[in-house]
Amino acid sequence: MIHSRRRIALGLTIGTSALALAFPAYAQAANSEGREEEILVTAQKANQTGVTHAGKIGVLGDKPAEDVPFAVKSYNSALILNQQPQTLGQVLDNDPSIRTSYGFGNAAEQFVIRGFALAGDDIGFDGLYGITPRQLIAPELYDSVQVLNGSSAFLNGAAPGGTGIGGSVNLLPKRAGKTPLTRLTANYTSSAHFGGSFDVSRRFGAGGEWGVRVNGAARRGDVGIDDEFRSAYLLGGAIDYNNGPLRLSLDLAYQKVRVNQLRPKLTLPAAITVIPRVPKASTNYGQPYYFTNLRDIYGQFRAEYDLSDNAMVYAAFGARDGSENGFYSTLSLLNATTGAASVSGSLIPRTDNNEAAQAGLRVKLAAGGVTHEFNIGGSMNWLVNRNAFEFYAVSPVTNNIYNPVVVPKPSAVSSRGGNMADPFPISRTRLTSAFASDTIGVWDDRILLTGGLRLQQIDVKTYASSAIPLRNIAAGQLSAEYRKDAITPVVGLVVKPVEHVSLYANRIEALVQGAAAPAMSGGFNIVNVGEVLPPYKSKQYEVGGKLTFDKVTASLAFFTTERATQILEPVATPANSARFVASGRQRNKGIELSVQAEPVKGVRIITGGSVIDARLRRQTNGLNEGNKVAGVPDYLINGNVEWDVPFIPALTLTSRVVHTGEQPANNSNTLSLPSWTRFDLGARYVLLVKDMPLTLRAGVDNVANKRYWASAFDNSRPDLLQGAPRTYKLSASIDL
């Protein structure tokens with residue numbers, strides 16, 4: 001690893017030196033001053049970090065935000081290039097309605113949108129579910145990251161991972177643009193993480209109907225947390241055809257990611273009655289044998305054909321082959337004062353084979369001053385999860401979050417399931433749906449009313465991971481089957497009373513698979529063991545408004561979402577028993593504001609905030625009734641500022657603030673995390689090398705090296721995730 005790191009560092013040094021040697025040559029052969037200025041201005045503008053209030057609104061297609069009754073925004077590829085994020089979560093740090101946590105006790109990113117979880121399994125790839133890598137997503141391969149706030153069961157269909165109630169994220173792959181591109185980038189992240197990337201695109205044919213784009217990245221090394229190592233190797237390619245009524249595209253991608261000695265979340269048992277003080281920002285209480293190894297090959301083929309000027313048919317098919325392996329850990333706090341913690345572990349190999357398909361017809365009609373846009377179609381998802389596991393007993397040697405020590409690797413198996421050498425399927429999931437909608441427009445489409453229905457079926461087959469003697473089921477055999485139907489409607493209204501102003505309202509639902517009743521829960525024996533509950537529906541009501549001026553775009557939303565949750569209903573007999581039912585409720589309501597503006601020339605602002613009140617309702621025996629939901633902050637504030645320095649042409653200074661309000665750490669609300677604020681600073685400078693723009697970037701995340709507990713979000717227990725330490729970033733990109 002050390003020799004490899006030295007080779008990367010040497011290559012980066014040689015490349016930088018070559019660029020430096022090119023400057024005198026440029027000085028001798030520079031074009032006219034006007035030509036130079038034109039290139040610099042063009043390059044500087046292309047580098048502007050931006051948020052577009054538009055996106056792919058599921059089955060409704062590509063729409064500007066002012067034409068749809070939903071809150072949507074897209075973060076562009078310049079933001080990804082400038083901020084050098086290594087994960088999708090670091091891109092979504094810019095969003096004032098989202099915070100990132102971990103799930104599953106490993107490096108898997110989990111996002112919290114409007115106070116509800118969005119798992120990596122449920123991130124869309126150009127509108128298709130189940131295709132993107134499920135734990136960590138490297139963002140370099142994508143042209144934009146689109147965020148749709150709110151439920152979307154009609155728009156996108158039920159998410160296969162059972163999340164996405166508060167919002168969805170859709171990734172758009174890079175495609176060839178009209179302008180040829182050949183870009184090379186070298187980058188560095190402290191403390192010893194080096195890498196580089198390339199991005200090439202061209203259009204061919206008499207009218208540029210064929211497009212080809214190939215891009216890739218490789219990076220590896222230690223990050224800001226002590227001894228935490230990360231690597232990523234990425235390759236993406238796209239071929240598209242656009243001529244006349246026919247449009248075709250093929251997107252393929254490869255991702256291989258590894259994380260060694262991850263700093264894990266910290267679990268707080270019921271006996272812990274205080275939040276422990278935060279360790280030093282860079283302290284790593286993970287163990288050297290922790291690792292996550294991920295490999296994914298995925299892609300899609302998409303076709304569109306214009307039957308006429310007002311009618312289009314489309315179809316898409318995607319697939320993913322994923323492989324995971326890792327030694328994960330649960331770190332459980334034993335003493336909040338001393339920092340003593342116990343260490344357990346698990347070894348979990350997994351493979352996934354997923355396919356997704358969708359097809360539809362979109363027709364636009366107009367008569368008598370009334371317009372209609374009809375959308376009719378269907379979708380299918382097939383997911384196969386092959387899995388095995390070994391869980392290990394707690395090590396007799398304790399760790400310490402303030403003074404970490406190496407703990408012997410846990411080896412005493414406490415439970416085992418599946419075939420560790422060759423995991424067999426433990427679940428097969430099929431999601432099918434058919435949808436229809438009509439958007440009616442009147443008053444020159446200044447009033448738009450959308451109504452639609454989606455009929456969805458969730459079909460899940462589960463297989464025993466080990467033998468079940470009482471039911472006479474061998475490992476690998478079918479143990480349960482779940483097949484349920486549901487209808488998820490949508491009603492949305494957009495009114496544009498004056499130019500540049502759009503008011504909207506919606507009523508839409510989310511849909512997730514119902515849980516299966518366990519044998520015991522909450523100290524109760526469950527009387528309906530194995531019963532699978534119907535799909536959980538959530539209902540969302542939202543009203544808001546949007547402004548769309550040349551230099552200012554803004555959106556304001558008020559929402560309330562209520563979802564069903566499983567609870568226990570005690571029964572009289574037998575003693576100490578309860579029924580597992582979906583009678584509980586969680587109600588989240590809040591306000592969101594998002595603004596993008598250029599108040600004066602050369603100063604760009606991206607800012608916003610959200611206030612969330614998430615409460616528990618109808619709880620078992622009234623326990624925690626009315627309490628705040630663990631891990632959901634009271635409010636979030638984000639602000640990004642870019643300033644093109646007028647007296648130093650081609651220099652841009654950047655800053656970002658991320659503020660998170662107080663959040664309860666458990667559903668009993670006896671523990672809470674204090675609010676925290678993180679400041680980031682940066683700069684970029686564009687210069688010319690033989691008429692080729694070279695962009696130099698420097699940034700510092702968490703400038704004050706603040707130590708803080710970033711999140712307490714988890715679906716089952718109080719888990720604390722510590723925020724990242726001060727991190728330095730450097731990069732250089734040249735467009736050849």
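The values are calculated or read from the model by the stated rules, or taken from the named source; none is laboratory data. Note that the structure is a prediction, hence the values are computed from the model and not measured. Methodologically, a virtual Cβ is constructed for each residue, glycine included, from the backbone with ideal geometry; neighbour enumeration extends over all protein chains shown.
What to note about this one:
- Residue within region 284-292 that is out of contact with any Pro (no Cβ under 7 Å at 6 or more places or on another chain) and part of a strand (DSSP E or B) present: yes
- Residues in region 393-410 that are in contact with a strand residue (DSSP E or B) (Cβ under 6 Å, 6 or more places away or on another chain) and closer than 16 Å to LEU347 by Cα: ALA393, VAL394, SER395, PRO410.
- Enumeration of residues in region 659-668 that are part of a loop (DSSP other than H, G, I, E, B) and in contact with a strand residue (DSSP E or B) (Cβ under 8 Å, 6 or more places away or on another chain): GLY661, GLU662, ALA665, ASN667
- GLY162 at pLDDT below 95 and under 30 Å from ASN588 (Cα atoms): yes
- Condition met for ILE137 (crowded, with 24+ Cβ neighbours inside 10 Å and under 20 Å from GLY216 (Cα atoms)): yes
- Of the residues making up region 216-246, those that are among the aliphatic types (A, V, I, L, M) and either within 16 Å of THR87 (Cα to Cα) or in contact with a helix residue (DSSP H, G or I) (Cβ under 9 Å, 6 or more places away or on another chain) (or both) are ALA217, ALA218, VAL223, ILE225, ALA232, LEU234, LEU235.
- Picking from residues in region 186-212 that are surrounded by 20 or more Cβ atoms within 10 Å (Cβ to Cβ) and in contact with a Gly (Cβ under 7 Å, 6 or more places away or on another chain), the one that is nearest to ARG258 (Cα to Cα) is HIS193.
- Cross-chain or 6+ apart pairs with Cβ under 7 Å, region 218-237 first and crowded, with 18+ Cβ neighbours inside 10 Å and acidic (Asp, Glu), then in a strand (DSSP E or B) and at pLDDT 95 or above: ASP222/ALA192; ASP222/HIS193; ASP222/PHE229; GLU228/ASP222
- Filtered by the rule that a residue be under 28 Å from the mean Cα position of the chain (by Cα), assigned to a strand (DSSP E or B) and not hydroxyl-bearing (Ser, Thr, Tyr), region 415-435 gives PRO425, ILE426, ARG428, ARG430, LEU431, ALA434, PHE435.
- Just one of the listed residues (PHE424, PHE435) is aromatic (Phe, Trp, Tyr) and either closer than 23 Å to TYR536 by Cα or out of contact with any Phe, Trp or Tyr (no Cβ under 8 Å at 6 or more places or on another chain) (or both), namely PHE435.
Yes/no per residue for (1) more than 21 Å from ALA578 (Cα to Cα); (2) within 23 Å of the chain's Cα centre (by Cα); (3) assigned to a strand (DSSP E or B):
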| position | (1), (2), (3) |
| --- | --- |
| ALA505 | yes, no, yes |
| GLU509 | yes, yes, yes |
| PRO518 | no, no, no |
| ASN525 | no, no, yes |
| GLY530 | no, no, no |
| PRO534 | no, no, no |
| LYS537 | yes, yes, yes |
| VAL543 | yes, no, yes |
| LEU547 | yes, no, yes |
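- Candidate set: region 318-364, residues that are outside any strand (DSSP E or B) and touching a Gly at 6+ places or on another chain (Cβ under 7 Å); chosen: the one modelled with the highest pLDDT: ILE348
- Test: residue in region 186-195 that is modelled with pLDDT of 95 or more and closer than 23 Å to GLY322 by Cβ: yes
- Among the candidates GLU390, GLU373, residue that is over 30 Å from THR283 (Cβ atoms) and either touching a strand residue (DSSP E or B) at 6+ places or on another chain (Cβ under 6 Å) or not in a loop (DSSP other than H, G, I, E, B) (or both): GLU373
- Of all residues in region 420-469, those that are among the hydrophobic types (A, V, I, L, M, F, W, C), touching a residue at least 40 places away in the same chain (Cβ under 8 Å) and within 30 Å of GLY378 (Cβ to Cβ) total 13.
Yes or no, residue by residue, for (1) surrounded by 24 or more Cβ atoms within 10 Å (Cβ to Cβ); (2) modelled with pLDDT of 95 or more; (3) basic (Lys, Arg):
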residue: GLY55; (1), (2), (3): no, no, no
residue: SER74; (1), (2), (3): no, no, no
residue: LEU79; (1), (2), (3): no, no, no
residue: ARG99; (1), (2), (3): yes, yes, yes
residue: ALA107; (1), (2), (3): yes, no, no
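- Single match in VAL59, VAL41 (criterion: among the β-branched types (Val, Ile, Thr) and at pLDDT 75 or above): VAL59
- Restricting attention to region 251-276, the residues being in a loop (DSSP other than H, G, I, E, B) and touching a residue at least 12 places away in the same chain (Cβ under 8 Å) number 12.
- A single entry from ASN187, ASN170 fulfils the requirement of being in contact with a strand residue (DSSP E or B) (Cβ under 8 Å, 6 or more places away or on another chain), assigned to a strand (DSSP E or B) and under 25 Å from LEU60 (Cα atoms): ASN170.
- Once region 116-168 is narrowed to residues that are in contact with a Lys or Arg (Cβ under 7 Å, 6 or more places away or on another chain) and of a type in the set (S, T, N, Q), the residue that is farthest from PRO633 (Cα to Cα) is GLN146.
- Which numbered condition LEU478 fails, given (1) modelled with pLDDT under 90; (2) surrounded by 15 or more Cβ atoms within 10 Å (Cβ to Cβ): (2)
- Counting only residues that are of a type outside the set (Lys, Arg), modelled with pLDDT under 95 and surrounded by fewer than 17 Cβ atoms within 10 Å (Cβ to Cβ), region 537-553 holds 3 of them.
- All of (1) touching a residue at least 24 places away in the same chain (Cβ under 8 Å); (2) on the phi > 0 side of the Ramachandran plot; (3) not basic (Lys, Arg) hold for ASN472 with one exception: (1).
- Failed condition for ASP438, given (1) of a type in the set (D, E, K, R); (2) within 30 Å of ASN506 (Cα to Cα); (3) under 29 Å from the mean Cα position of the chain (by Cα): (3)
- For region 709-721, the set of residues classified as surrounded by fewer than 24 Cβ atoms within 10 Å (Cβ to Cβ) and in a strand (DSSP E or B) consists of TRP709, ALA710, LEU721, listed by residue number.
- Selection of region 483-523 for residues being surrounded by fewer than 19 Cβ atoms within 10 Å (Cβ to Cβ), more than 22 Å from GLY166 (Cα to Cα) and either touching a helix residue (DSSP H, G or I) at 6+ places or on another chain (Cβ under 9 Å) or free of Cβ contacts under 8 Å to residues at least 24 places away in the same chain (or both) yields VAL498, GLU499, HIS500, VAL501, ALA519, MET520, GLY522.
- Residue that is over 21 Å from GLN566 (Cβ atoms), among the hydroxyl-bearing types (Ser, Thr, Tyr) and modelled with pLDDT under 85, where the choices are SER466, SER437: SER466
- Screening the candidates LEU688, LEU696 for the property of being assigned to a strand (DSSP E or B), farther than 30 Å from LEU268 by Cα and at pLDDT below 95 yields one hit, LEU688.
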